[in-house]
Amino acid sequence: MADERNNEIEETKIQGVSGPITGWLDGHTILVGLMAYPIRHTMSPTMHNNAFAKLGLNGAYLCFEIDNEKLPGAIDAIRTLDMRGSNVSMPNKKKVIPYLDKLDKTSQMCDAVNTIVNEHGVLTGYTTDGMGWLRALKKDGQDVKGKVITLAGAGGAATPIAVTASLEGAKEIRIFNLDDDKWAQAVKNVETINKETDCVASVHHLEDKEDFKKSIAESDIYCDATSVGMNPLQDQTLVEDPSWFHEDMVVSDTVYAPRKTKLMEVAEKAGVKHIYNGIGMMIEQGAAAFKLWTGKEMPTDYIQEIMD
Ligand code: NAD
């Protein structure tokens, strides 16, 4: 169960507000939220509230410390308070599904939701993480259509990347995972993609380094969506030898802290021209949710400046 929220109002430094607040946070303000536990580390309020302010939209984004136990009441509150919607994160991404009225195709295939949209009391679940990854690549002129992708991982980040890439026309996705608690999800992702899309998916053991090396050599895109590269595995990378990469491929790490991972250093040594960290994915998944709630494009260049 989540800790009792300390509901005393803390002192904070509100940047950019020097006079009385008018036209913002008034009787018309529409609320969106984030329901997760733990939650205090999140950058989402910074992203969305700055986007509302920049576009002059009367919206506010607030975080709610919601675990599985509080989830049913929290979802009811979306309807009761006429919230525009909410993000959901762990531990609620799968648990939320029975409380929603509809799911988009990506959420059905991922069996998870990260964004809820409230249309007059009808709640629809979406999954924007994979679209975020794709939009970040597209913004830099890269596309997955007709491409061969080697993807490491089958967890909360990797699953929507695989599903979205398959729905957006990737030719082949080879999913590599350790024989750990996410192996079954890797198998499930491959079955779902092969059943629902024209993309050819296959599952491989990450322990088989020769197979992994060969797959990367044959790929247009290598994406690491594992926990390797972030704390506490910050000094590690699944690919240590630059010769595994070729210059014309895309190398994408979903990690955004640190901004430059070991994997990115290896890719740089290999002369890879298109190397990405996870910050673009993080901002663009927010932008995709923002569009669903507001119908407007998030000013992502401005948001990126704030986040960097
Ligand atoms: P998760 O726990 O759901 O999945 C973790 C994955 O990493 C699994 O596939 C697991 O098998 C694999 N893994 C764990 N330890 C490993 C190791 N030592 N060697 C090889 N594989 C290992 O976690 P998640 O939420 O999917 O997060 C995975 C990564 O994605 C993290 O690095 C996180 O920073 C990143 N992420 C990025 C964004 C973004 O918007 N950029 C969003 C979510 C997660």
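The values are calculated or read from the model by the stated rules, or taken from the named source; none is laboratory data. As the structure is a computational prediction, the values presented were derived from the model and not from experiment. For neighbour counting, all protein chains shown are included, and Cβ atoms are generated from backbone atoms with ideal geometry for every residue, glycine included.
Annotations
- Of the numbered criteria (1) more than 16 Å from Val250 (Cα to Cα); (2) near the ligand (Cβ under 7 Å from one of its atoms), the one Lys188 fails is (2).
- Yes/no for Gln108 being free of Cβ contacts under 8 Å to residues at least 12 places away in the same chain and either touching a Gly at 6+ places or on another chain (Cβ under 7 Å) or on the phi < 0 side of the Ramachandran plot (or both): yes
- In segment 209-240, of all residues being among the acidic types (Asp, Glu) and surrounded by fewer than 18 Cβ atoms within 10 Å (Cβ to Cβ), the one that is farthest from the ligand (Cβ to nearest atom) corresponds to Glu218.
- Of all the listed residues (Gly169, Gly155), the sole one being within 15 Å of the ligand (Cβ to nearest atom) and not basic (Lys, Arg) is Gly155.
- Top-ranked residue of segment 104-147 - restricted to ones that are touching a Phe, Trp or Tyr at 6+ places or on another chain (Cβ under 9 Å) and surrounded by fewer than 19 Cβ atoms within 10 Å (Cβ to Cβ), ranked as nearest to Asn277 (Cα to Cα): Asp140
- Restricted to helices (runs of 4 or more DSSP H) entirely inside segment 63-182, those with at least 1 residues that are within 24 Å of Ile193 (Cα to Cα) are 105-110, 129-139, 158-167.
- Selection within segment 118-145 - of a type in the set (A, V, I, L, M, F, W, C) and closer than 22 Å to Ile303 by Cα: Met131, Trp133, Leu134, Ala136, Leu137
- Residue in segment 191-204 that is farther than 30 Å from Gly295 by Cβ, in contact (Cβ under 8 Å) with a residue 12 or more places away in the chain, within 13 Å of the ligand (Cβ to nearest atom) and surrounded by fewer than 15 Cβ atoms within 10 Å (Cβ to Cβ) present: no
- Residue that is nearest to the ligand (Cβ to nearest atom) [pool: residues in segment 241-275 that are of a type in the set (D, E, K, R) and in contact with an Asp or Glu (Cβ under 9 Å, 6 or more places away or on another chain)]: Asp253
A quick yes/no check of all residues on (1) at pLDDT 95 or above; (2) more than 21 Å from the chain's Cα centre (by Cα); (3) within 18 Å of Leu55 (Cα to Cα); (4) part of a strand (DSSP E or B):
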site: Asp235; (1), (2), (3), (4): no, yes, no, no
site: Val239; (1), (2), (3), (4): yes, yes, no, no
site: Asp248; (1), (2), (3), (4): yes, yes, no, no
site: Arg259; (1), (2), (3), (4): no, no, no, no
site: Val266; (1), (2), (3), (4): yes, yes, no, no
site: Ile283; (1), (2), (3), (4): yes, no, yes, no
site: Ala288; (1), (2), (3), (4): yes, no, yes, no
site: Lys291; (1), (2), (3), (4): yes, no, yes, no
site: Glu297; (1), (2), (3), (4): yes, no, yes, no
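- The single condition from (1) small (Gly, Ala, Ser); (2) without any contact (Cβ under 8 Å) to a residue 40 or more places away in the chain; (3) part of a loop (DSSP other than H, G, I, E, B) that Ser219 fails is (2).
- Scanning segment 230-244 for residues that are over 16 Å from Phe176 (Cα atoms) and either among the hydrophobic types (A, V, I, L, M, F, W, C) or touching a strand residue (DSSP E or B) at 6+ places or on another chain (Cβ under 8 Å) (or both) yields a total of 2.
- If you go through segment 136-145 and keep only what is more than 14 Å from the ligand (Cβ to nearest atom), farther than 29 Å from Asp179 by Cα and not charged (D, E, K, R), you end up with Gly141, Gln142.
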